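The values are calculated or read from the model by the stated rules, or taken from the named source; none is laboratory data. Just so you know, these numbers come straight off a predicted model, no measurement behind them. Cβ placement follows ideal geometry from the backbone for every residue including glycine, while neighbour counts extend to all protein chains displayed. Surface accessibility is based on the protein's heavy atoms, side chains included, excluding ligands, DNA and RNA. Shrake-Rupley method; radii C 1.70, N 1.55, O 1.52, S 1.80 Å.
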Amino acid sequence: MPELPEVERAARALSRAALGKTIASVRAIHPALKRKLSPAMARRARSKRIARIERRGKHQLLHLDSGDTIVVHFRMNGDWEIGTTGDPLDKFARGVIELTDGTRVSLVDRRALSSITVDREGVSSLPRLGREASDPTLDADYLIDALKRKKIAIKPALMDQAVLAGLGNIYAAEALWEAELDPRSSSAKMSKTKLENLVTAIRLVLSPRRRRPGRYTESRGRDRFAVYDREGKVCRRCGGTIQRIVQAGRSTYFCPDCQIG
Ligand SMILES: [Zn+2]
């Protein structure tokens, strides 16, 4: 499930393959993607140069020299496959961006939930996004302000992209474990000290050194995560047992013995 680090890595790979190049065509292949990318919108991208590529939350934005922006979201399973127009197309390729130098960037997604859309100049289809979870200026004061009217628990609040952009189910759970905070705690009542610890923990779980190298699509090693997907396993900090609960329709993994803040 791509979150900030994985989308950042994908955007960098895309930049290496496509930045500064000119688009030959953008095509939707899967019906679900065709519904989001009309032929007319796809045509607007043709012959335009990719002037800038950025990640915003879990979105990848390809700014074209025409002023239009191609917006990509991987949802649950998307990823780029980068090759050339002569390569056989991946059977899970849902859309492709072909460049005039023969580079082909395929959006591969087993479940076909990803999207490619084109925003006209001056128009943004992005939802309201909070500060980037990776932003060095992120601090406890920002979180106090962003969370003060939230009447939900801290875990789903952290996953709200309008609060923090880029965190999802995995890294929200991991950060709460690092900060020794109970994911069920009221987000509006978190003390400044706890939120300072949480900011430190968010930085830690997003830092490349802590994560294993390799693509997120590879099978996850047993100890890649402290709590995520480890129900019934031993907490590596206190020896307690990791539990799974459901919050806002999503699984939350945590250690009830040491996440007591
Ligand atoms: Zn524990």
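Take the residues in region 75-91 that are part of a loop (DSSP other than H, G, I, E, B) and touching a strand residue (DSSP E or B) at 6+ places or on another chain (Cβ under 8 Å), then tell me which one is least open to solvent (accessible area, probe 1.4 Å). The selected residue is 78. Within region 222-238, restricting attention to residues that are open to solvent by less than 70 Å² (accessible area, probe 1.4 Å) and near the ligand (Cβ under 8 Å from one of its atoms), the residue that is nearest to residue 167 (Cα to Cα) is 235. When 94, 56 are screened for being within 14 Å of residue 8 (Cβ to Cβ), crowded, with 17+ Cβ neighbours inside 10 Å and not polar (S, T, N, Q), only 56 passes. Taking the criterion of being surrounded by fewer than 16 Cβ atoms within 10 Å (Cβ to Cβ) and either farther than 21 Å from residue 123 by Cα or basic (Lys, Arg) (or both), the residues of region 33-47 that qualify are 34, 35, 43, 46. Of all residues in region 178-192, those satisfying the criterion of being touching a helix residue (DSSP H, G or I) at 6+ places or on another chain (Cβ under 6 Å), in a loop (DSSP other than H, G, I, E, B) and either under 16 Å from residue 150 (Cα atoms) or of a type in the set (D, E, K, R) (or both) are 183, 185. Of the residues contained in region 70-77, one or more are found to be among the hydrophobic types (A, V, I, L, M, F, W, C), over 15 Å from the mean Cα position of the chain (by Cα) and within 15 Å of residue 60 (Cα to Cα). Filtered by the rule that a residue be surrounded by 13 or more Cβ atoms within 10 Å (Cβ to Cβ), within 12 Å of the ligand (Cβ to nearest atom), without any contact (Cβ under 8 Å) to a residue 60 or more places away in the chain and not polar (S, T, N, Q), region 239-261 gives 240, 242, 257.
Being acidic (Asp, Glu) and either within 14 Å of the chain's Cα centre (by Cα) or outside any loop (DSSP other than H, G, I, E, B) (or both) is the requirement here; does residue 141 meet it? So residue 141 fits the description; yes.
Restricted to region 1-74, the set of strands (runs of 3 or more DSSP E) holding at least 1 residues that are closer than 18 Å to residue 112 by Cα comprises 23-28, 59-64, 69-73.
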